[in-house]
Amino acid sequence: MAPSFIAGNFWPDRRVVVAGGLGFLGRVVVSVLEGRGARVRVCSRRTGVDIRDLTAIRRFIQDAEPDLIINCAAHVGGIAYNARCPVAIYEDNLLIGFNLVKAAAECGVRKFVNIMPNCTYPGEADVYREKEWWDGPMHPTVLTYGMPRKALWVHAWAYHTVNRLASIHLVLPNLYGPHDHFDIVRSHALGALIRKIVDAKIQGERAVEVWGTGAPIREWMYVEDAGAGIVAAAEKHDDMNILNLGSGQGCSIRELAEMVKACAGWDGEFVYDTSRPDGAPKKILRVKEMESKLEWFPKVSLSEGIQRTVDWYTAHRCEFA
């Protein structure tokens, strides 16, 4: 195990690079870090740094000289988007992970924080326990997104054996909240439901189509909780073995749709398109390790988070037309 990175008064003046720091999750992580006094630099294509270009990201990290890198960068979408763009999703995420780990190791970065989706777990599992992460294949609907993240862990492990690169790897459930993807194809189930239901209310529509049977059970975490949890883990966690971050609670897509319906104040009906794939039947994280090691737990309930997100989307709906 690498030497401890934990210290009192941890964040003031700490130099941190957040990859994907202008994205849905990254912008929240940046906000939390800056609020604690860290000196943050963001790299993304919107700042002129394409992480898929090894030379570009190496030059950026050499200039920034960060104490740690937090990897929030990803090319991501829901089941429909994964099916539509499998090559781009696989190649982009493979390059992002490979280049960040390689540049971090070569530039002497002390700690690398990697964010991973829960789809990296075996597709047949019901409850996701850290010790079972390697115990089976991923669900085929998420293979092109999950496999590059799993390869990134191996890459970091390899560098750890050679030059003692310290890294932690955090597995999160599906995230939601303001600034999420609300595109019907690219978004995850909750973002798509919020857009469809709010739009139906405003446009006076009486029916909303929901993809699949509505039976799959998913765990969701509000993006502001995710940002706080990631920063807590970056400070307190030093073990390379993966660590789950979440609530450990889930609900079915059907229940989720009813919650959004209530928050939006819509009184129409749902039509379930069972020709669409459901994906894995259940995805719930076991979070006892998180509670023990971080002494942290998400604060925002699912109903409260959905209401906040519905209100945000309603106020910004014109941006997604």
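Looking at segment 253-307 only, could you name the residues that are of a type in the set (Ser, Thr, Tyr) and touching a residue at least 24 places away in the same chain (Cβ under 8 Å)?
So in segment 253-307, the residues of a type in the set (Ser, Thr, Tyr) come out as 272, 274-275, 292, 301, 303.
TYR272, THR274, SER303 - these are the residues of segment 253-307 that are of a type in the set (Ser, Thr, Tyr) and touching a residue at least 24 places away in the same chain (Cβ under 8 Å).
Applying the selection to segment 171-190, what residues are assigned to a loop (DSSP other than H, G, I, E, B) and out of contact with any Ser or Thr (no Cβ under 8 Å at 6 or more places or on another chain)? First the steps, then the outcome.
Step one: filter segment 171-190 for residues assigned to a loop (DSSP other than H, G, I, E, B), giving 173, 177-188.
Answer for segment 171-190, where residues must be assigned to a loop (DSSP other than H, G, I, E, B) and out of contact with any Ser or Thr (no Cβ under 8 Å at 6 or more places or on another chain): HIS179, PHE182, ASP183, ILE184, VAL185, ARG186, SER187, HIS188.
For segment 186-212, filtering for residues that are crowded, with 16+ Cβ neighbours inside 10 Å and out of contact with any Asp or Glu (no Cβ under 6 Å at 6 or more places or on another chain) leaves 17.
Annotation: of all residues in segment 50-67 being aliphatic (A, V, I, L, M) and touching a helix residue (DSSP H, G or I) at 6+ places or on another chain (Cβ under 6 Å), the one that is surrounded by the most Cβ atoms within 10 Å (Cβ to Cβ) is ILE57.
So for segment 42-49 (the condition being crowded, with 23+ Cβ neighbours inside 10 Å and farther than 27 Å from TRP133 by Cβ), does at least one residue qualify? So that I can check it myself, show each step before the final result.
Residues of segment 42-49 that are crowded, with 23+ Cβ neighbours inside 10 Å, as a first pass: 43.
Then keep just the ones that are farther than 27 Å from TRP133 by Cβ; that gives 43.
Looking for residues that are crowded, with 23+ Cβ neighbours inside 10 Å and farther than 27 Å from TRP133 by Cβ, one finds at least one in segment 42-49, hence yes.
Considering only segment 90-102, I want to know if a residue exists there that is of a type outside the set (D, E, K, R) and loosely packed, with under 15 Cβ neighbours inside 10 Å. So far as segment 90-102 goes, no, none of its residues is of a type outside the set (D, E, K, R) and loosely packed, with under 15 Cβ neighbours inside 10 Å.
Do you know which residues across segment 68-116 are in a loop (DSSP other than H, G, I, E, B), touching a helix residue (DSSP H, G or I) at 6+ places or on another chain (Cβ under 8 Å) and over 23 Å from HIS188 (Cβ atoms)? Working first, answer last.
First, the residues of segment 68-116 that are in a loop (DSSP other than H, G, I, E, B): 72-78, 85, 107-110.
Of the ones still in play, those that are also touching a helix residue (DSSP H, G or I) at 6+ places or on another chain (Cβ under 8 Å) are 72-78, 107, 109.
Listed by number, the residues that qualify are CYS107, VAL109.
The residues on offer are THR161, THR144, and the sole one that is without any contact (Cβ under 8 Å) to a residue 24 or more places away in the chain, part of a helix (DSSP H, G or I) and either touching a Phe, Trp or Tyr at 6+ places or on another chain (Cβ under 7 Å) or not small (Gly, Ala, Ser) (or both) is THR161.
Looking at segment 177-200 only, could you name the residues that are of a type outside the set (Gly, Ala, Ser) and farther than 19 Å from ALA226 by Cα?
Residues satisfying the conditions are ASP183, ILE184, VAL185, ARG186, LEU193, ILE194, ARG195, LYS196, ILE197, VAL198, ASP199.
Taking the listed residues ILE168, ILE197, the one that is of a type in the set (Val, Ile, Thr) and part of a strand (DSSP E or B) is ILE168, with no other qualifying.
Residues are listed down the side, and each one gets a yes or a no for (1) charged (D, E, K, R); (2) touching an Asp or Glu at 6+ places or on another chain (Cβ under 8 Å); (3) within 30 Å of LEU193 (Cβ to Cβ):
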site	(1), (2), (3)
CYS72	no, no, yes
VAL87	no, no, yes
ASN93	no, no, yes
GLU106	yes, no, no
VAL113	no, no, no
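Would you be able to say whether some residue in segment 222-230 is under 18 Å from ALA264 (Cβ atoms) and hydrophobic (A, V, I, L, M, F, W, C)? There is no residue in segment 222-230 that is under 18 Å from ALA264 (Cβ atoms) and hydrophobic (A, V, I, L, M, F, W, C). Against the criterion of being of a type outside the set (D, E, K, R), surrounded by 19 or more Cβ atoms within 10 Å (Cβ to Cβ) and in the same structural domain as PHE60 (by TED's automatic domain parsing), ALA156 qualifies.
Condition check ((1) more than 18 Å from the chain's Cα centre (by Cα); (2) at pLDDT 95 or above) across all residues:
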site	(1), (2)
VAL16	yes, yes
ILE70	no, yes
VAL76	no, no
ARG84	yes, no
TYR90	no, yes
ASN99	yes, yes
TYR128	no, yes
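For segment 46-64, does any single residue satisfy the condition of being closer than 24 Å to SER247 by Cβ and either of a type in the set (Val, Ile, Thr) or assigned to a helix (DSSP H, G or I) (or both)? No, segment 46-64 contains no residue that is closer than 24 Å to SER247 by Cβ and either of a type in the set (Val, Ile, Thr) or assigned to a helix (DSSP H, G or I) (or both). Cβ-Cβ distances below 9 Å connect the following pairs, each with a first residue in segment 27-46 that is more than 12 Å from VAL231 (Cβ to Cβ) and in contact (Cβ under 8 Å) with a residue 24 or more places away in the chain, a second residue that is part of a helix (DSSP H, G or I) and among the small types (Gly, Ala, Ser), and a separation of six or more residues or different chains: ARG27/GLY227; ARG41/ALA64; VAL42/GLY26; CYS43/ALA56; CYS43/ALA64; SER44/GLY26.
Within segment 126-134, can one find any residue that is surrounded by fewer than 21 Cβ atoms within 10 Å (Cβ to Cβ), out of contact with any strand residue (DSSP E or B) (no Cβ under 7 Å at 6 or more places or on another chain) and either part of a helix (DSSP H, G or I) or among the polar types (S, T, N, Q) (or both)?
Filtering segment 126-134 down to residues surrounded by fewer than 21 Cβ atoms within 10 Å (Cβ to Cβ) leaves 126-127, 129-134.
Among the residues that remain, those that are also out of contact with any strand residue (DSSP E or B) (no Cβ under 7 Å at 6 or more places or on another chain) are: 129, 131-134.
Filter once more, so that each one left must be either part of a helix (DSSP H, G or I) or among the polar types (S, T, N, Q) (or both): 131-132.
The answer is yes, given that some residue of segment 126-134 is surrounded by fewer than 21 Cβ atoms within 10 Å (Cβ to Cβ), out of contact with any strand residue (DSSP E or B) (no Cβ under 7 Å at 6 or more places or on another chain) and either part of a helix (DSSP H, G or I) or among the polar types (S, T, N, Q) (or both).
The values are calculated or read from the model by the stated rules, or taken from the named source; none is laboratory data. Small disclaimer: the values here were computed from a predicted structure and weren't measured. Because the Cβ atoms are built from the backbone with ideal geometry, glycine has one as well, and the counts that use them run over all protein chains shown.
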